[in-house]
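Written below as structure tokens is the structure these notes are about.
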Amino acid sequence: MIEFIAQNMAPIMFASLIIFLLIGYPVAFSLAANGLLFFFIGVLVSPYSGGSINLAWPLLHALPDNFYGTRVMSNDTLLAIPFFTFMGIVLERSGMAEDLLDTIGQLFGPIRGGLAYAVIFVGALLAATTGVVAASVIAMGLISLPIMLRYGYDRRLASGVIAASGTLAQIIPPSLVLIVLADQLGRSVGDMYAGALIPGIVLTGIYMLYILIVSIVRPNSMPALPLEARTLGRGVISLIVALLVTGAISYGAYRYLAPTQGDNADILGFAVGVIVIYVAAIVDQRLRLNLMSKLAQQVVIVLIPPLALIFLVLGTIFLGIATPTEGGAMGSVGALIMAAAKGRLSLDVVKQALASTTRLSSFVLFILIGARVFSLTFYGVNGHIWVEHLLTSLPGGETGFLIGVNILVFLLAFFLDFFELAFIIVPLLAPAADKLGIDLIWFGVLLGVNMQTSFMHPPFGFALFYLRSVAARVPYLDRITGKQIAPVTTGQIYWGAVPFVCIQVIMIGLTIAFPQMVMRYKGAAVEPSTIDLKLPDMPSLSPLGAPPANNGAAPANGGAPAALGTPDLSQPPSFGDAPAKPAAPAPDLSQPPKFN
């Protein structure tokens, strides 16, 4: 029995951790306690393991180095987490989400499902600025859910679209989960952001496609915004003209900057166009020139600041100007400036943001410390080899491995959130993926899309909990229409999330089938045959044994001419006569030797 336990310590340890978590113990303490318990057991049974357990008491001395080394306390990559968290919370308090939802809702209001489109669009913008799921879901739940219920939206659809749009913060940079995944996979956060950008945009487009299909099949489930609710009036033509002018200015700036800025000219040219149209909208509104419609003015003035913040954070990262940590710091400063410009910045807001940031950072830190204790023991019982053999032996090769791993992560996401999955599961999966030749950035983005479902499916979907906390539980009177509005039940929230979980599963399949969506982070492939190497002109050298190229001409500096003739290569080279050494005196052999 002892031999069986000793030789199967890794699967027993992993199963015990799952049991600890299912019982309900905190994740950080479950990891650390499990690691220390099995370390003690492993040391005792190691003589019966046949060499499969490599644990000894002195190995515990490695824990302080694990805690204070580059993996935890000195990890510069994870420093980006508190910056992005702080930025997201300050932006939530600044009222940016409220302004965006109101303006974009007015823009899409005349069409069926317009409010749903607005929620998805704003959810993507909030994801690209805040990177925090809780902030996005709570803000949109407080602002847009009452409006959608007021105008007769289906409760399941309204709940599902709000929860799903909030989870876009999981996959669209600057996502916190992408930072953690990059750290655990040992890859660049910038590469992870670049790889996840297209899948995030595609997922947003699929959400909108689903709304379009439902608006055609069930038009009564998402009516258009009534005319009296469109306070900004008409003006889409004016907005289109403004966008065309912006495009023309951006293209002109690009052509002007291309010779000097190279690959960065397109981004800089776009920035110039956006700044020009933003200044024009503000001047038009303040001076009442009426060159643009009220709707076009409001859309430009409300959209440009978050887009500028996105450029400040992601643009500087993609251009190589800033690291993700530095980008997060600049984003935090930008969020404070935006909040101050709206008159929403106060000491209470800063205190709340700092408190929330400290809680989340401490949560991540304790999980990471527990994970280091667990991994020390798990690697000591060769658990990584057991997991690698288990996963690489799956049928189907690379595709079979990806499908099996994604099914495993999807099931575990019912009980664990993305931080726990990233710190517990990803370090076990990464070596096997690397051995199969899978690009780890592609693998990380796949896991990021998959972990997004952990916020959506019952019973522990945090996005559903966030929405439940702000959705009406009892009937209430609408302040605009005066009608009594029925509450939103928990069942409606859960059922509304199901179609979007299915969409996320489809997105996992698309990412597996079309890896180039992620692989674009590497840039265009270079064909070796097209490479042309040009070396600078070098003075010609005479072949070995040939006369010098100057044919005995005198050197330009007036020195002696080079000797002519072919050198004799049959003899060793002569470097001149060596100085004669004095002859050593002959030893006197008639006397005994002396050693003093």
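What share of Cα pairs, in percent, lie more than 28 angstrom apart in the stretch 242-378? Working shown, then result.
Working: 3763 of 9316 pairs.
Distances greater than 28 Å cover 40 percent of the Cα pairs.
Averaging over every viewing direction, what projected area does the convex hull of the Cα atoms of the stretch 404-479 cover, in nm²?
Values: hull surface 26.3 nm².
Mean projected area of the Cα convex hull: 6.6 nm².
May I ask for the percentage of alpha-carbon pairs in the stretch 305-413 that lie more than 20 Å from each other? Don't jump to the answer; show the numbers that get you there.
Numbers: 3968 of 5886 pairs.
Above the 20 Å cut-off, the stretch 305-413 has 67 percent of its Cα pairs.
With a probe of 1.4 Å, find how much accessible area the stretch 409-519 has per residue, and write the answer as a whole number in Å². If you can, show how the numbers build up before the last one.
Numbers: 4270 Å² over 111 residues.
Accessible area per residue, the stretch 409-519: 38 Å².
The stretch 188-227 to the stretch 393-421: how many Å between their Cα centroids?
25 Å
Measure nothing but the geometry: give the 0 to 90° angle between the long axis through the Cα atoms of 155-166 and the longest principal axis through the Cα atoms of the chain, rounded to 10°.
Value to nearest ten degrees: 30.
Which angle from 0 to 90°, rounded to the nearest 10, does the C-alpha axis of helix 294-310 make with the longest principal axis of the chain?
Between helix and principal axis, roughly 30 degrees.
Going toward the positive end of the dipole of the chain, with +1 on Lys and Arg Cβ and -1 on Asp and Glu Cβ, which of Val373, Pro47, Tyr254 do you reach last?
Looking along the dipole axis, the top candidate is Tyr254.
In degrees between 0 and 90, to the nearest 10, how far off the longest principal axis of the chain does helix 383-392 point, with axes built from Cα atoms?
With both axes taken from Cα atoms, the answer is about 70 degrees.
First compute the accessible area of the stretch 424-490 with a 1.4 Å probe, then give the percent of it belonging to carbon and sulfur atoms.
Details: 1610 of 2600 Å².
That fraction is 62 percent.
Can you list the aspartates and glutamates whose alpha carbon sits under 12 Å from that of Lys522, skipping same-chain ones fewer than 8 residues off?
Asp191, Asp439
Within the stretch 354-413, what whole-number % of the accessible surface is contributed by carbon and sulfur, with the 1.4 Å probe and all protein chains included in the calculation? Before the final figure, lay out each step's value.
On the way: 1940 of 2630 Å².
Within the stretch 354-413, the accessible surface is 74 percent carbon and sulfur.
D for the stretch 13-135, whole µm²/s, Stokes-Einstein with Kirkwood Rh over alpha-carbon pairs at 10 °C and 1.306 mPa s: what number?
Numbers: Rh = 19.2 Å.
After rounding, the answer is 83 µm²/s.
Between Arg359 and Glu228, what length in nm is gained on full extension when 0.36 nm per residue of separation is reduced by their alpha carbon distance?
Details: separation 131, 0.36 × 131 = 47.16 nm, distance 4.42 nm.
Working it through step by step, the gained length comes to 42.7 nm.
Eigenvalues of the Cα gyration tensor times 5, then square-rooted: what semi-axes does that give for the stretch 383-518, in whole angstrom, largest first?
39, 15, 11
What are the radius of gyration and Dmax of the stretch 1-74, computed over its Cα atoms and given in Å?
Calculated on Cα positions, Rg and Dmax stand at 13.9, 43 Å.
Could you give log10 I(q)/I(0) at q = 0.13, 0.14, 0.20, 0.22 Å⁻¹ for the stretch 103-169, computed by the Debye formula over C-alpha point scatterers of equal weight, without solvent?
After summing over all Cα pairs, the log10 values are -0.29, -0.34, -0.69, -0.83.
Write down the accessible area per residue of the stretch 132-241 in Å², having rolled a 1.4 Å probe over the full set of protein chains. Please list the in-between numbers first.
Working: 3700 Å² over 110 residues.
Heavy-atom SASA per residue in the stretch 132-241 reads 34 Å².
Whole number please: convex hull volume per residue of the Cα set in the stretch 252-326, in Å³? Working shown, then result.
Values: hull volume 7.1 nm³, N = 75.
Dividing the Cα hull volume of the stretch 252-326 by its residues yields 95 Å³.
Sorting check: for 160-170, 239-249, which peptide has the highest mean count of neighbouring beta carbons within 10 Å, and how do the rest follow? Show your work: numbers first, answer last.
Values: 160-170: 29.5, 239-249: 15.3.
Packing order, densest peptide first, comes out as 160-170, 239-249.
Taking a cut-off of 35 Å, what percent of all Cα-Cα pairs in the chain are separated by more than that?
Numbers: 91210 of 177310 pairs.
Here the tail beyond 35 Å accounts for 51 percent of pairs.
May I ask you to order 484-493, 135-144 by the average number of other C-beta atoms within 10 Å around their residues, highest value first?
On the way: 484-493: 15.3, 135-144: 25.1.
Output ranking for 484-493, 135-144: 135-144, 484-493.
The values are calculated or read from the model by the stated rules, or taken from the named source; none is laboratory data. Everything quoted here is computed from the prediction, not taken from an experiment. Heads up, the Cβs are rebuilt from the backbone with ideal geometry, glycines too, and the neighbour counts pull from every protein chain shown. The accessibility values were calculated without ligands, DNA or RNA, using every heavy atom of the protein model including side chains. Shrake-Rupley method; radii C 1.70, N 1.55, O 1.52, S 1.80 Å.
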